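Below is one structure, written out as structure tokens; comments come after it.
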Amino acid sequence: MSVFTRSQAERESLLLPELAELTAHHRANSAGYERILASLGIAADASFGAIAELPWLPVRMFKTHDLKSVPDDEVFKTLTSSGTTGAGASRIHLDKAAAGAQTKQLGATLQEVLGGERLPMLMVDTIGIIKNRRSFSARGAGVLGMANFGRKHTYVLDEDDKPDVEAVKRFLAEYGDKPFLIFGFTFMVWQYLYEVAREHRLDLSNGILIHSGGWKKLIDRAVDNAEFRRRFTEDTGLHRIHNYYGMIEQIGTVFLEGPSGNSLYCPDFADVVIRDPETWQEQPVGRPGVIEVVSTLPRSYPGHVLLTEDLGVYQGIDDGDWPGKHFTVLGRLPKAEARGCSDTFSGTAA
């Protein structure tokens, strides 16, 4: 069943009561969150007329505050982000129900482009990234989370972080004539799959690529999203390519690129608000601002309305591949810490 069905009006009317209830739930169960909202002068019985009126937390709060809405003994898994400067790492606490819900909804989101079957999977990473199961890095969590949606996993990099061309050739010989899944962080996909596939004339035409994060190094090489898609299609035959936008602070919620490319869409349980960085009012279509991400998934910690450190712009509303708002990420806010999720990869990247 598709999770890309709700028009913006439906999304607003259905999600707002759920999000208001979540706000009350987190106030009642997280002393830290209650203190933050009280200090902002938001009354305990405040009502909200629109999703854009809900109080947000800066995503950076999870680097400096230990915020959770479940007792310590109910924490099932703690995820950590990988900041690249001294601001520390976000810590996200999930109980069993939250861990199950985020996996289920991530699956429902990706099913839109993968279909119902688990496909053979090329992982553009090294198996070493997922060795510690209890506390993952953001990259490890991304790799492990996506591994659930594939089978017959083949890692593109060997234990020394070097491309294992023979392993990729064996995978393609066995599975390349039917649909298969490829996952990796954007820069690594370019450096360790595109460049290798081009050099060795590998046929990726039956692949479905899901990728995210790490554009900065590619922009330095004059490769933007359109160029990335064009070169993959022309040089390897790969044409089903879906970027996504997500963060560990809202684990399980991903904003997925539509089939036409260049626009990200909200699943039915999520929304996005683009805010003017001076007035904090919502921006109209076409005017850039700060991205706020909204999701009904975070119940074990108050991450349901988060102001990111990224700039974005609405491309349209109810007029794209799927209903609702669709948007583009333009990059980091100036001086904001670069998200360390994938660009800290230490391999042979220059």
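See the values below:
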read-out: Subset of segment 107-125 (residues that are assigned to a loop (DSSP other than H, G, I, E, B) and touching a helix residue (DSSP H, G or I) at 6+ places or on another chain (Cβ under 9 Å)); value: VAL124, ASP125
read-out: Whichever residue in segment 57-102 is in contact with a helix residue (DSSP H, G or I) (Cβ under 7 Å, 6 or more places away or on another chain) and among the polar types (S, T, N, Q) and, among such residues, is modelled with the lowest pLDDT; value: THR84
read-out: Top-ranked residue of segment 233-249 - restricted to ones that are assigned to a strand (DSSP E or B) and in contact (Cβ under 8 Å) with a residue 60 or more places away in the chain, ranked as farthest from TYR314 (Cα to Cα); value: ARG240
read-out: Elements of type helices (runs of 4 or more DSSP H) contained in segment 168-232, each with 3 or more residues being among the charged types (D, E, K, R) and open to solvent by 10 Å² or more (accessible area, probe 1.4 Å); value: 195-199, 216-220
read-out: Candidates GLY261, GLY286, GLY252 - the one that is part of a loop (DSSP other than H, G, I, E, B), assigned by the TED database to the domain that holds VAL59, small (Gly, Ala, Ser) and open to solvent by 20 Å² or more (accessible area, probe 1.4 Å); value: GLY286
read-out: SER30 being modelled with pLDDT under 95, closer than 23 Å to MET247 by Cα and either out of contact with any strand residue (DSSP E or B) (no Cβ under 7 Å at 6 or more places or on another chain) or acidic (Asp, Glu) (or both); value: yes
read-out: Of residues in segment 305-350 being more than 17 Å from the chain's Cα centre (by Cα), among the small types (Gly, Ala, Ser) and modelled with pLDDT under 90, the one surrounded by the most Cβ atoms within 10 Å (Cβ to Cβ); value: ALA336
read-out: Single residue of segment 265-280 satisfying the filter (open to solvent by 10 Å² or more (accessible area, probe 1.4 Å) and not charged (D, E, K, R)) that is nearest to GLN102 (Cα to Cα); value: PHE269
read-out: Exclusive hit being under 17 Å from ILE291 (Cα atoms) and modelled with pLDDT of 90 or more, set LEU193, LEU264, LEU202, LEU238; value: LEU264
read-out: First in segment 180-209 and closer than 26 Å to GLN111 by Cβ and assigned by the TED database to the domain that holds LEU119, second anywhere and among the small types (Gly, Ala, Ser) and assigned to a helix (DSSP H, G or I), Cβ under 6 Å, 6 or more apart; value: PHE185/SER342; LEU204/ALA197
read-out: From the options GLY207, GLY213, GLY176, residue that is over 27 Å from GLU249 (Cβ atoms) and touching a Phe, Trp or Tyr at 6+ places or on another chain (Cβ under 6 Å); value: GLY207
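The values are calculated or read from the model by the stated rules, or taken from the named source; none is laboratory data. Please read these numbers as outputs of a predicted model, since none were measured by experiment. Please note: Cβ atoms are built from the backbone with ideal geometry, for glycine as well, and neighbour counts cover all protein chains shown. These area figures cover heavy atoms from the full protein model, side chains too; ligands, DNA and RNA do not enter into them. Shrake-Rupley method; radii C 1.70, N 1.55, O 1.52, S 1.80 Å.
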